[in-house]
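Following: one structure in structure tokens, then a few remarks.
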Amino acid sequence: MSSIHTNAAAINALATLRQINSNLTETQGRISTGYKVQSGKDNAAYFAISTTMKGDSGAYRAINEGLTLTKNSLTTARLGSETIQGLAQQFLDKVAFAQGAEGGQTEIENDLLELVKQMETTLSQSTFNGDDMLGAGSYAGITAGTVAGATGVLTRTANGDATVGVDRSVVTGISRAGGTYATTTMTVATHDMAELVADFSAIATGFATNATDATNGAAFLAGILVSTETVMGDVTDIATQIGQSEGAIEGQQEFLNKLADTLDAGVGAMVDADMEEEAARLQALQVQQQLATQSLAIANQNPQNVLSLFR
């Protein structure tokens, strides 16, 4: 049946054209933005999951940036502690040399005091952006330990350990970023290195007088060598622990980078458009649009055929 009021063929052709135009608009949007899921209406589940994962990735990258500052502080502290360690080794060598030296103790004391000055300078310079991990700011307020002239044994009168060689087990958090993946610990007290430099100062001060004492000189030299070796060992421990903490930070940063990259890849798999597929789809839809337009034009001509019945 033909009707001049209702053209079923044109209605169907128009519906097809509208659907093709809608698909074409969607495909063009994916090509222009690069996303196949841009909002919750595209795919609610993927949109919710990807939004959460993007937030996690951003948080991990922010934590990583915070760890970079901490790592820089640790690197500075490590370089300072290693420099002090090298000076401490020279200090120990001179004390060891004094064991069998005949005379020259005054010159040795002067050398020891000069090494202490270099340690103090290194300590004061081992800060990064105000972050003082070796206790340079507290050095001036540290009460120096005392050395027994008769035995060469060093005892600390304040600032923590009462005697040399006590296990330093104070746990100090060194991460400023916060969060599960940004926390590490360093088993050295904040001001240990400053205290150890003060120990070297105590050992050097009055060295010549005690070493040349007619009664106790030999005992002093033997005892002060043991005390120096112990302090040297503590310096090495701190330098080692700081190096370990720096290595831990680097490991955390590497993990965070890989984790954030994995999350980004997962998000991309869910929401990114496949550009090759979309390009092929665009060409197909453009052909379909042209054919649908022609089909609609043909359908709109059908009522014209009714006129031939009245001729």
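Checking ALA218, ALA208, ALA204, ALA214 one by one, the residue that is among the hydrophobic types (A, V, I, L, M, F, W, C), open to solvent by 40 Å² or more (accessible area, probe 1.4 Å) and modelled with pLDDT of 90 or more is ALA218 and no other. Taking the criterion of being more than 15 Å from GLN28 (Cα to Cα) and among the polar types (S, T, N, Q), the residues of the stretch 240-286 that qualify are THR240, GLN241, GLN244, SER245, GLN252, GLN253, ASN257, THR262. Taking the criterion of being crowded, with 16+ Cβ neighbours inside 10 Å and touching a strand residue (DSSP E or B) at 6+ places or on another chain (Cβ under 6 Å), the only residue of the stretch 38-73 that qualifies is SER73.
Against the test of being in contact with a helix residue (DSSP H, G or I) (Cβ under 9 Å, 6 or more places away or on another chain), acidic (Asp, Glu) and open to solvent by less than 70 Å² (accessible area, probe 1.4 Å), the options ASP261, ASP199 yield a single qualifying residue, ASP199.
Filtering the stretch 100-129 to residues that are open to solvent by less than 70 Å² (accessible area, probe 1.4 Å) and not in a helix (DSSP H, G or I) leaves GLY100, ALA101, GLY103, GLY104, SER126, THR127, PHE128. The residues listed here are THR25, THR70, THR51; of these, the one that is part of a helix (DSSP H, G or I), modelled with pLDDT under 85, farther than 30 Å from GLN244 by Cα and not small (Gly, Ala, Ser) is THR25.
Going by the structure shown, is VAL287 assigned to a helix (DSSP H, G or I) and more than 38 Å from the chain's Cα centre (by Cα)? Criteria met by VAL287.
The values are calculated or read from the model by the stated rules, or taken from the named source; none is laboratory data. In this text, all values refer to a predicted model and were calculated from it rather than measured experimentally. Every residue, glycine as well, gets a Cβ built from its backbone with ideal geometry; the counts of neighbours run over all protein chains shown. For the accessible areas, the whole protein counts, side chains as well, though only heavy atoms, and no ligand, DNA or RNA atoms are used. Shrake-Rupley method; radii C 1.70, N 1.55, O 1.52, S 1.80 Å.
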